[in-house]
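Trainee: Here it is: the structure, laid out below.
Each value in this text was obtained by applying a stated rule to the coordinates, not by laboratory testing. Fair warning: this is a prediction, and the values are worked out from it, not measured in the lab. Note that we place each Cβ from the backbone using ideal geometry, even for glycine, and neighbour counts take in every protein chain shown.
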Amino acid sequence: MSDTDIRFGPDDIEFLIYPYPPSSVYPSGKIDYAMIVEIDADAAPPEIRTSREILFIPAPSREELRQAAAAHSLPTVKRIDVWDLLLEPFLDTEFDEEHKERSLRLLEECGIRREESIEIRRFVAEAMVAYNFKSMLWDWCHLGLADALDAFRGVLSGRSHRLPPDEYETFYWRAMELARKGRVMSDE
């Protein structure tokens, strides 16, 4: 995830620097605790969710996020990370056919049809290959929504993969819509 700087206040979280132009807090802004629907402090990177958007918290602020959630009675959940599943083909890891099929089934259980998953993977392929491999990041365990958003801003992927502002905004909100489909995981 690109640079983000935040401050936890008594009534809100202030994003002093936020890297994603379509966001409600770009380039800086505040989110009242009352606007937060839930948090996932264990996500990579940690997330807060509003009714429309997922905002990322820097990993070093994970504990502060947990404390703020407790202080403001914010629900803490763990959801299936649909972008982790969508971006698996772009990890520096080999998956067997059984694993690939399980990922597609999980995406279907979250309301993302198999054909849609394949189409999304095709759309992001060049940018994600540049982001993870050509940049020599070589991530082998997790790529998620923040990585996709960064790749289409040209972060690590290069200027040629940067979407024009209107296309980036369309991608941003579509990516948020998909991410919000991740169902809550049970504690089993």
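Trainee: Report, in whole Å, the centroid distance computed from the Cα atoms of the stretch 61-103 and the stretch 107-121.
Mentor: 17 Å
Trainee: Answer with a single label: of (i) 134; (ii) 117; (iii) 227, which was calculated as volume of the Cα convex hull per residue in Å³ from the structure in view?
Mentor: (ii)
Trainee: Out of A71, L91, A179, whose Cα points farthest toward the positive end of the dipole of the chain (charges: +1 Lys, Arg; -1 Asp, Glu; placed on Cβ)?
Mentor: So the residue we want is A179.
Trainee: How far apart, in nm, are the 7 Å Cα→Cβ label points at A34 and E109?
Mentor: 3.7 nm
Trainee: Just from its helices, what would the mean residue ellipticity at 222 nm be for the chain, if runs of 4 or more DSSP H residues each count -39500 (n - 2.57) and the sum is divided by every residue, rounded to the nearest 500 deg cm²/dmol?
Mentor: It lands at -10500 deg cm²/dmol.
Trainee: So, one more: Taking 7 Å along the Cα-to-C-beta vector as the label spot, tell me the D11-K134 distance in nanometres, rounded to one decimal.
Mentor: The modelled label-to-label distance comes out at 4.7 nm.
Trainee: Shape of the stretch 69-108 from its Cα gyration tensor (a ≥ b ≥ c, root eigenvalues): rounded if a/c is under 1.5, otherwise prolate when a/b > b/c, or oblate?
Mentor: prolate
Trainee: Another question, then. Test of understanding: ordering F95, F171 by Cβ neighbours within 10 Å, fewest first, what list do you get?
Mentor: Ranked by crowding around the Cβ, least crowded first: F95, F171.
Trainee: Please report, in cubic angstrom per residue, the volume enclosed by the convex hull of the alpha-carbon atoms of the stretch 82-179.
Mentor: Convex hull of Cα atoms, per residue: 83 Å³.
Trainee: Provide the three semi-axes, in whole Å and in decreasing order, of the ellipsoid equivalent to the stretch 1-97 as defined by the square roots of 5 times the Cα gyration tensor eigenvalues.
Mentor: For the stretch 1-97, the ellipsoid semi-axes come out as 26, 16, 12 Å.
Trainee: Give me the lysines in straight-line cross-link reach of K30: C-alpha distance below 27 Å, same-chain residues under 8 apart excluded.
Mentor: K78, K181
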